[in-house]
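Below: one structure, written as structure tokens.
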């Protein structure tokens with residue numbers, strides 16, 4: 001029996017590639033209406049970002065198959081935005097059986113995306129420029145730096161004088177987005193990837209952790225970045241409880257404990273309290 005061709009997944013993937021390609025071209029100041037032939041110049045950004053998202057979701061998919069959990073192929077979400085996408089996701093269509101499986105499925109995506117993002121940051125930073133800061137009229141956005149991205153910048157570029165800024169290469173910008181998305185996914189709330197891991201480790205205490213962290217996001221929204229308020233509300237809407245595991249009594253082995261610790265370390269070094277800073 002022939003398998004059905006996943007037309008929707010293919011169409012969404014192509015559409016998202018085109019919107020990220022457009023976003024990459026627009027970031028370079030290209031007027032794609034007047035110069036449609038230059039759309040291909042958005043490829044470094046689009047190819048990098050799509051690779052990060054694809055590796056993240058395929059890692060989830062492969063881990064699901066390994067643990068006999070039914071899951072869909074990735075759904076990519078095109079969007080007319082500065083990065084051209086709202087990300088990607090897979091749908092779980094059967095219960096997750098053990099805590100081992102939950103950690104493998106939850107951690108595989110962020111860790112895979114993290115590895116590709118770090119590689120993109122290193123390559124992209126090596127091609128980035130250091131430019132003199134100029135006071136210009138108008139509104140602009142500066143990117144915040146996580147502990148890891150700040151370290152990578154100093155490792156690859158070195159110390160940057162106060163009157164200079166780093167003009168990120170599109171590959172580095174895609175890598176920055178990848179690290180930021182990784183940190184968002186690893187927040188240990190509800191059914192985010194980090195929530196899966198936290199539930200597997202802490203059980204019902206996961207709900208109390210989620211409540212505290214939703215409150216923390218709200219506080220961060222007032223003092224650092226308003227977007228955290230939206231995330232806090234979204235987490236409440238989606239729910240902070242986690243579905244039960246069928247066989248909770250199966251213990252976690254040392255490897256899974258190490259994976260969970262690794263995931264939380266990745267969250268800590270990629271989290272950015274103020275990811276976007278508006279300046280006038």
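A few remarks follow.
- Looking across the stretch 153-172, the residues that are in contact with a helix residue (DSSP H, G or I) (Cβ under 7 Å, 6 or more places away or on another chain), in a helix (DSSP H, G or I) and surrounded by fewer than 22 Cβ atoms within 10 Å (Cβ to Cβ) come down to 153, 156.
- Only one of 175, 190 that is out of contact with any strand residue (DSSP E or B) (no Cβ under 8 Å at 6 or more places or on another chain), surrounded by 17 or more Cβ atoms within 10 Å (Cβ to Cβ) and either at negative phi or without any contact (Cβ under 8 Å) to a residue 24 or more places away in the chain (or both): 175
- Some residue of the stretch 102-118 being surrounded by fewer than 24 Cβ atoms within 10 Å (Cβ to Cβ) and not in a helix (DSSP H, G or I): no
- Enumeration of residues in the stretch 80-96 that are part of a loop (DSSP other than H, G, I, E, B) and surrounded by fewer than 16 Cβ atoms within 10 Å (Cβ to Cβ): 80, 81, 82, 91, 93, 94, 95
- Which listed residue is in a helix (DSSP H, G or I) and over 30 Å from residue 244 (Cα atoms), from 58, 49, 54: 49
- Filter result for the condition that a residue is touching a helix residue (DSSP H, G or I) at 6+ places or on another chain (Cβ under 7 Å), assigned to a loop (DSSP other than H, G, I, E, B), more than 29 Å from residue 42 (Cβ to Cβ) and touching a residue at least 24 places away in the same chain (Cβ under 8 Å), over 250, 214: 250
- Residue in the stretch 252-269 that is more than 20 Å from residue 202 (Cα to Cα), within 17 Å of the chain's Cα centre (by Cα) and modelled with pLDDT of 90 or more present: yes
The values are calculated or read from the model by the stated rules, or taken from the named source; none is laboratory data. Since the model is a prediction, treat every value here as computed from it, not as a measurement. So basically every Cβ, Gly included, is an ideal-geometry build from the backbone, and we count neighbours across all protein chains shown.
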